[in-house]
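These notes concern the structure reproduced below.
Here, each number is a calculation from the coordinates, and none is a lab measurement. Please read these numbers as outputs of a predicted model, since none were measured by experiment. Cβ sites come from the backbone with ideal geometry, for glycine too, and all protein chains shown count toward neighbours.
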Amino acid sequence: MAHIKCIEPNLNDTEHSVVTAGTDDTLELPAVDSCMAVVFLMNDRSMVGGHIGMFGYGPTNGQMGDECTRTIVKNMIDQAGNIDNLGRIVVVTDIAEGDAGLGWPRDLNYFDTSIPSRLVLGKRPKGLLVTKIAKGGVTVDVVLVGKARQLNIYKTAGKKLLYTKPINQLPTGGVTRY
């Protein structure tokens, strides 16, 4: 039962922007601000997390916005292995349908399940669920507790709980705001 952090690529850490967590692990994506937290929830209950910065370091060096997103998501797909085992994607960002945000990703349908998703390189597994959560301009810590199958979103400053829901009750379609 490990606590695994998925950290936005930065000058001090370029190795933990994509991580894998087991079924009983807790996966944390801390300090999601102008960046994006993406988590693949696999059908075997493991998780692959990606912390996507909008300005490149490490694996996204020299990239911005959409390019960073494509690079990190491609690395997530590589770590996930069998993409047919992907059951749900959770995205936490201010960059979502109807949000002004910073304009990334520029394609507002990037995580839309009604089109062949670029996220899985045009091969979307049957029955894939996508949960999009707009974080309301607040820097948050996104925590998925594997054993409890729970998503918790905390305000980074002060650790106030802003949103919590069992994974099997997460909404799909549209954008959830709290």
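Observations
- In region 1-20, residue farthest from the chain's Cα centre (by Cα) [restricted to those that are over 20 Å from Thr156 (Cβ atoms) and not acidic (Asp, Glu)]: Met1
- Single residue of Lys165, Lys135, Lys159, Lys155 found to be of a type outside the set (S, T, N, Q) and either touching a helix residue (DSSP H, G or I) at 6+ places or on another chain (Cβ under 9 Å) or closer than 15 Å to Thr26 by Cβ (or both): Lys159
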